[in-house]
Structure formats: C-alpha cells, structure tokens
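Asker: Take this structure, written in structure tokens, and hold onto it; I'll ask about it next.
What follows draws every value from the coordinates through simple rules; no lab data is involved. Predicted model, so just to flag it, every value in this text is computed and none were measured. We place every Cβ from the backbone using ideal geometry, glycine too, and count neighbours over all the protein chains shown.
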Amino acid sequence: MLAHFANFISALIDFYMYAVLLLQEFETLGARSMAHFTFSKKRVLLVVAQEMGDLVSVMQWDYTSEQFLVIAEHTIRAPTHLVSWVAEQDSEIHGVGGYGFVSVASSTDNVAILRVDSQGNITRVHTLATGPAEALSVFKGHRLKDSVPYSVSPSERERCVMVAIRGHDSSEIHCSHQSSAEMGVGGGRWIRDFIVNTKKSGSLALVTLSGTRYMLSGNGWGSDMEVRCALVYSRDFCCFHPPDPINNLCSLLD
Amino acid sequence: MPFRLDVSSIKDGSAIQDFLMVACAGIPCAQHCQGQVDPENLNTLTYTSVLYSMSANPVAIPPAHFPEISFVQVTRIGTSSRAVWWQRVELCARQFLLVANHFDQQLSSYYVPSAVYALRQSAGSISEVAAVQTFMTMGAAHIEVFTLNGQTLVAVSNYYNGSSYHVPSAIYSFGREYRQMCGPGVEPASEILLIAIRVLETVANTQQIMII
C-alpha cells in the first residue's frame, strides 16, 4: 500500500516538475533534423532542415512577440541531417558577434557547409564532394601525422566533419585547414583527409574515453525495411583499432 | 529512417559514466539487433531501444595499443512505437532521456507519442528508466534540446503525418517548474520544497526496491 502511494507521489512529482509543455508550433515541410547555435544566453538560433521543402530555415526567439520567428531561409536540395558548431573566436577577430557553421547532409546532393552569422544571414561557403549522406558528425581537430591521425587543435578552431556516405561501405572525414583570416570568411579550405570503412553507416557518434577519442558507426543501414542494427556487442561496431592504419582514424587523441 | 546513436556522459558524484543510447527503428533488438526485418512479421516485433554503458580497458603500452572498449547493457527501453532519436537532458542534476518516435509498429500511423524518460540512479548506477510523460508527434524525426534564458527548450521536427509532409514541428518547454527551483537566484522556500521533493522521490524509490 505504501509502495503504491510512493509510486503515485513519485509519478505526480515527475509529471508536474518535468512537464513538457507546448510552446509553439511552426509550419515545416518534411522536417528531418535540427541544430542550434548558442551565441549568448539570450541569443540562440535554431536551424531546421526541411527535406521536402528543399529548405534550411533559421529561427530566433523574438522578445516582442514571445515566439520563435523565421529570420532566414536558404535553399538546399533535400536537406536531411545537420550538425552545427560555433566559431567562438571569430567574434574576437571580426567583432560581429560570431559565426556559426552548419554542415548539411542531403538525400540527393553533396554535403554543404553553411556559415550562419548571429543575425541569421546564411552563406554557403563550401561543398563537400560526398554525394548523398546518411549521417554526419563533427569534431574539433586536425591531422598531425599518420600514426596519430587527428588531435585537438591548440586553437580549437579547425573542424572535421565525418560523413557517412549513402549506399557505400565507407565514411569520409573532411577537415578544414584554415588560417585565421579564412576562418571567418569561409571556414577555411575543406579537404577530404580519410576514408573509413563503416559498412553502410546510418549513424555516427563520437566519444572520448580514457583520453582516447573513438568514432562509433551504426553500421548496416540499408533501406527502410531492411535495416540491420549495429553490432553493439563487439568491436565490429566501431571502425577503429589497430593494426590497419586506415581504420585507425577513430582513435583521436585528445 | 536510420536509427540513432548518441553517446552521453552522465555525471554521478565524482565519476563520469559514458552511455550509448541506441534507437532501433524497426529492429527487434531482442535478437541482438542483427538480421533483417521481415515486413510480414512486423506485428510480432517488439521495438526496444537499448542503453549501454561504455568503458575503456587500459592497456600496458600506450599509445601503441589503444584501450579496448566494452559495452555493457544497462537496460532495454521498450517503446510503443519506433524510436529514431534519443536525446539526453539534464535538469537540476537529474537525467532524462527524450525519444522521438517516428511511427507505430504496424506502420499504420505516424500520429504517435514521443516520450520523456527519467533515469533513476542508485549506488552510482542507473537503477531504472521510468516513463515520465508522452506528447503527440507526427512522424517525429529529431529532437533538439537547447537553453534560452535559463529555460530548457525541446524542439521536435515532425516529418510526416501519413498523407502529407506539410506538418507543424513544435517547440516545448521542459521542466519549467523544476528549473525555477534549482536555477540561479532561487529563493530559500523553493530550496526547501526541492529538498522535500527529493526526499519523497527517495522514499518512492526505496519502496519500489522493497517491493521488488
């Protein structure tokens, strides 16, 4: 009896304290993914990929109307997955409130790198020649040498985007190799550094454990009705581990 | 719709545990997430997502050999619908998982509830993943969590309603009451209430353990 009462109280507390309350709805056309930039506590941009609308839209909280409003839109063919990062140091260099970058995967086109400034202006700065992609992941780093493919940059300004290529047993890592001047303008020069065997990956994730960074690949993506899940019980799940130096690029030393 | 991997570090005291959340969309994870889905047997499938803890086993001679990673299943999370996206949220040192459910098991409807789960921890490990709340979504594909002015917001991209891709996506506030009690500038009365709630939760958890 006491247990039932305790459960009831617990559920009541959870429901009240952790309530998910609808704030607003907004029209989308096949919204597949979102990302956000936090420029400050009061200024956050929400980026929405609308696959069927061939559109990436940027929303911002409007303090007058107290709702999120679309402040910019950019046409991209069938955008699906987004990953974003803020180039924090740009604000110091350019004094314009900072930039954010968003990498956009498409179900029909190459991966695009967009620059979004704090006012919501969108500029396409790069295209990664990957073709349609299933998943993206972004990390700070750059290539140092063959035995240690990537390390966190001292300036933490270089970015690498890992792209799981649709329909291929491989993913690619593209990194920006930029100077300070290039960073704010276009995010640097993007170069494909590595190709990884990821067995038709449908999802990518990065994790750092004991100072070593690993990439996890959800292998086996086929189609809607023919999905094989990741081999989560074994190392096969991951694409790293020696001795193959090509497959070793997921061991990213911090 | 691809399944989703998400790695999340959950801090518990001085230790940080890494967890891998696997959303298995249309995959019978009870069969170790392998093999193919037979469309004719969809009705018999149980859709389960899995939460794993991750650990790295140190090796003697770094960096010639990298640590080996092992995965230990913490729990399975049965979802009434096909989960495609998991997102972790922390509120006042409490851990939650949000899941985007894309469609129901029979492929008959995209009007399905997505959900919030609370991770209950005891003795430094996760003891339970309890459903807290559901909210209706239409072919939900992604959940994005961010903070604006100290308020945790949850944005959900809705993809499809079964006949049209022209469906509204939504933004929710999450845990507003809780945030007001443990955020900066909290009044003493709120702190006392927060402590009382924590005591109640502890009692509730204790009673659940005793029942088991």
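Asker: In a shell of Cβ-Cβ distance under 15 Å around B:HIS166, excluding B:HIS166 itself, what net charge do Lys and Arg (+1) and Asp and Glu (-1) give?
Answerer: -3
Asker: Which ordering of B:TYR160, A:TYR99, A:TYR16 is given by a fewest-first count of other beta-carbon atoms within 10 Å?
Answerer: A:TYR16, B:TYR160, A:TYR99
Asker: Sort A:LYS41, A:LYS200 so the one with the fewest other Cβ atoms within 10 Å of its own Cβ comes first.
Answerer: The order, fewest Cβ neighbours first, is A:LYS41, A:LYS200.
Asker: Let me ask something else about it. Calculate the mean, over all residues of peptide B:143-150, of how many other protein chain Cβ atoms lie within 10 angstrom of the residue's Cβ.
Answerer: What the average comes to for B:143-150 is 5.
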